[in-house]
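Student: My questions will all concern the structure given below.
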Amino acid sequence: MQKMSKIKKDTCRFILSLDIGGANTKVSLLKLDLEEYIKKSEDNLISSYKNILSSSTHVYSDIQFFPFWDRKTEDFNHVLKEIKTEIEKIITDDNNNRLQPNYHVVVTVTAELSDAFYTKKEGIVTICDSLRKVFNESEVRFINVHGNFIKITDAIEDYLSVSASNWVSTSLVLGEREKLGILLDMGSTTLDLIPIKDGIPVTIGKNDVDRLLNYELFYTGILRPPVSTVAYNVPFRNSLCPMSFEEFALMADVYLILGEISEEQYTCDTVDGRGKDLQNCYARLSRIICGDPDMITREELDQIAHDLYIKQKELVKDAITRAIDKFIRRFIVPKSRLRFNITGLGAKILLEPALKELGIKEKQIFICELSEIEHIVSTAICLGVVYLKSLVDHFLYERDALIKKEQNDNVKEE
């Protein structure tokens with residue numbers, strides 16, 4: 001490799017990624033040693049999300065439950081301070097001495113939709129104010145719906161471009177792997193259905209309203225939906241029993257009863273404020289038909305839970321079918337050519353079985369190989385990877401400019 005001694009290298013970079021949702025803030029800390037990354041590469045170094053992901057170290061993940069609609073928005077400062085304290089304990093040098101804070105903060109937001117805020121603009125401004133109070137503003141960047149990183153001042157000015165932007169980084173990273181198809185990301189609350197062509201997200205909608213209209217966003221998830229949003233009635237004692245529309249139980253209760261999630265994965269509040277143990281989940285589920293644990297057996301509640309799972313899966317299958325049909329009409333490709341990247345808490349619980357029931361072959365389905373916690377914070381991880389790639393791209397631009405200058409200087413000397 002030609003000499004690059006004149007380039008100012010920022011060798012070891014930590015990227016703190018924050019995926020700030022209305023209920024949960026998901027945290028990821030990535031580390032990449034740029035110098036080592038360059039050393040391992042040849043002269044024709046090409047930056048890619050895959051290379052960055054394989055070369056970076058995922059240092060830390062966390063989920064902070066903060067329902068904006070139920071808390072004072074100024075209390076969000078305390079959540080950010082806790083995150084900052086934790087990650088600065090982790091960032092150490094080789095002698096285990098704490099370094100001066102040496103990290104970038106990158107942010108994606110969906111919390112602006114919370115009814116804690118009268119408008120999306122109010123939500124973005126409030127979140128930006130909290131970030132300013134806790135972090136060095138010069139190190140904070142928001143990703144917008146166009147995949148660009150912008151400063152806090154620009155995020156406030158163009159607030160709609162950073163609203164509901166959590167799908168962008170995931171689709172960029174995973175879209176690079178399977179270049180034609182649909183990214184399906186199902187978390188606690190929603191399902192993203194992102195069309196990918198030539199490795200790039202090609203969504204029609206750039207805001208939640210347009211994405212809902214085009215079945216690029218579907219409001220159902222593994223934890224937070226009330227069970228009354230997935231069904232009107234349930235089987236009970238050889239009949240179909242209409243359900244109460246009261247918010248007596250969540251799908252999180254259903255999936256804990258079915259053994260699909262653990263108490264630790266039940267990261268939202270329960271509707272009655274009681275525990276997340278199996279007994280309390282059964283009690284909450286019994287109330288959806290206006291009963292209680294003394295009136296309804298666990299075997300009957302197991303049947304109800306399974307039926308709710310089936311009905312939610314049917315909703316998901318319908319959303320996926322609509323997304324597939326729209327993709328085929330737009331790009332004139334056969335269904336057999338499509339690839340489906342699936343991620344999030346619902347990847348194996350709902351998405352994989354739904355796809356197979358739709359006749360999608362196993363070779364068309366790709367599940368992100370992540371740990372349990374990484375699946376939940378996958379958006380935050382991908383956000384960090386996208387930002388790291390932008391740093392590497394900047395380094396390569398500087399390198400190429402220096403090489404060209406040195407070549408021109410050599411020609412002049414000759």
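The values are calculated or read from the model by the stated rules, or taken from the named source; none is laboratory data. Since we're looking at a predicted model, the values are computed, not measured. Reconstructed Cβ throughout: ideal geometry from the backbone, glycine too, with neighbour counts over all protein chains shown.
Student: Can you find a residue that is assigned to a loop (DSSP other than H, G, I, E, B), at pLDDT below 95 and at positive phi anywhere in the range 334-347?
Tutor: yes
Student: Okay, next question. Please work out which residue is nearest to the chain's Cα centre (by Cα), limiting yourself to the range 187-201 and to residues that are touching a residue at least 60 places away in the same chain (Cβ under 8 Å) and part of a loop (DSSP other than H, G, I, E, B).
Tutor: The residue in question is Gly187.
Student: Which condition number in (1) at pLDDT below 95; (2) in contact with a strand residue (DSSP E or B) (Cβ under 6 Å, 6 or more places away or on another chain); (3) not acidic (Asp, Glu) is the one that Leu355 fails?
Tutor: Single failed check for Leu355: (1).
Student: Which residue is modelled with the lowest pLDDT, if the candidates are limited to the range 7-19 and must be touching an Asp or Glu at 6+ places or on another chain (Cβ under 9 Å) and over 17 Å from Lys389 (Cβ atoms)?
Tutor: Residue satisfying both the conditions and the ranking: Ile7.
Student: On to the next question. If I go through the range 273-297 residue by residue, how many of them are surrounded by fewer than 17 Cβ atoms within 10 Å (Cβ to Cβ) and touching a helix residue (DSSP H, G or I) at 6+ places or on another chain (Cβ under 6 Å)?
Tutor: 3
Student: Give the residues of the range 208-230 that are surrounded by fewer than 19 Cβ atoms within 10 Å (Cβ to Cβ), in contact (Cβ under 8 Å) with a residue 40 or more places away in the chain and farther than 15 Å from Lys326 by Cα, sorted by residue number. First the steps, then the outcome.
Tutor: In the first step, residues of the range 208-230 are kept if they are surrounded by fewer than 19 Cβ atoms within 10 Å (Cβ to Cβ); the result is 208-210, 212-214, 219, 226, 228-229.
From what's left, in contact (Cβ under 8 Å) with a residue 40 or more places away in the chain: 208, 214, 226, 228.
If the condition is that a residue be surrounded by fewer than 19 Cβ atoms within 10 Å (Cβ to Cβ), in contact (Cβ under 8 Å) with a residue 40 or more places away in the chain and farther than 15 Å from Lys326 by Cα, then Asp208, Pro226, Ser228 are the ones that fit.
Student: Okay, next question. Return the residues of the range 60-79 that are surrounded by 16 or more Cβ atoms within 10 Å (Cβ to Cβ) and farther than 22 Å from Glu137 by Cβ; say none if nothing qualifies.
Tutor: Correct list: Tyr60, Ser61, Asp62, Ile63, Pro67.
Student: Let me ask something else. Could you pull out the residue among Asp325, Asp400, Asp318, Asp294 that is free of Cβ contacts under 8 Å to residues at least 12 places away in the same chain and in a loop (DSSP other than H, G, I, E, B)?
Tutor: On the way: Asp325 fails: in a loop (DSSP other than H, G, I, E, B); Asp400 fails: in a loop (DSSP other than H, G, I, E, B); Asp318 fails: in a loop (DSSP other than H, G, I, E, B).
Result: Asp294 is the single residue among Asp325, Asp400, Asp318, Asp294 that is free of Cβ contacts under 8 Å to residues at least 12 places away in the same chain and in a loop (DSSP other than H, G, I, E, B).
Student: Say we look at the range 360-395 and pick out the residues that are over 16 Å from Glu176 (Cβ atoms), modelled with pLDDT of 75 or more and among the aliphatic types (A, V, I, L, M); which of these is surrounded by the most Cβ atoms within 10 Å (Cβ to Cβ)?
Tutor: Residue satisfying both the conditions and the ranking: Ala380.
Student: Only one of these is surrounded by fewer than 16 Cβ atoms within 10 Å (Cβ to Cβ), modelled with pLDDT under 80 and in the same structural domain as Val392 (by TED's automatic domain parsing): Glu82, Glu35. Name it. Give the derivation first.
Tutor: On the way: Glu82 fails: modelled with pLDDT under 80.
Result of the check over Glu82, Glu35: Glu35.
Student: So, in the range 149-167, how many residues would count as being at pLDDT below 95 and on the phi < 0 side of the Ramachandran plot?
Tutor: The first filter runs over the range 149-167 and keeps only residues at pLDDT below 95, leaving 164-167.
Restricting the remaining residues to those that are on the phi < 0 side of the Ramachandran plot gives 165-167.
So the answer is 3.
Student: Does Ile261 meet the test of being over 24 Å from the mean Cα position of the chain (by Cα), surrounded by 18 or more Cβ atoms within 10 Å (Cβ to Cβ) and not polar (S, T, N, Q)? Spell out how you get there, then give the answer.
Tutor: Details: over 24 Å from the mean Cα position of the chain (by Cα): no; surrounded by 18 or more Cβ atoms within 10 Å (Cβ to Cβ): yes; not polar (S, T, N, Q): yes.
Taking the combined requirement at face value, the residue does not satisfy it.
Student: Between Lys317, Lys335, Lys276, which is farther than 14 Å from Ile182 by Cβ and assigned by TED's automatic domain parsing to the domain that holds Glu362? Don't jump to the end; show me each part of the working.
Tutor: Numbers: Lys317 fails: farther than 14 Å from Ile182 by Cβ; Lys335 fails: farther than 14 Å from Ile182 by Cβ.
Just a single option satisfies the conditions, and that option is Lys276.
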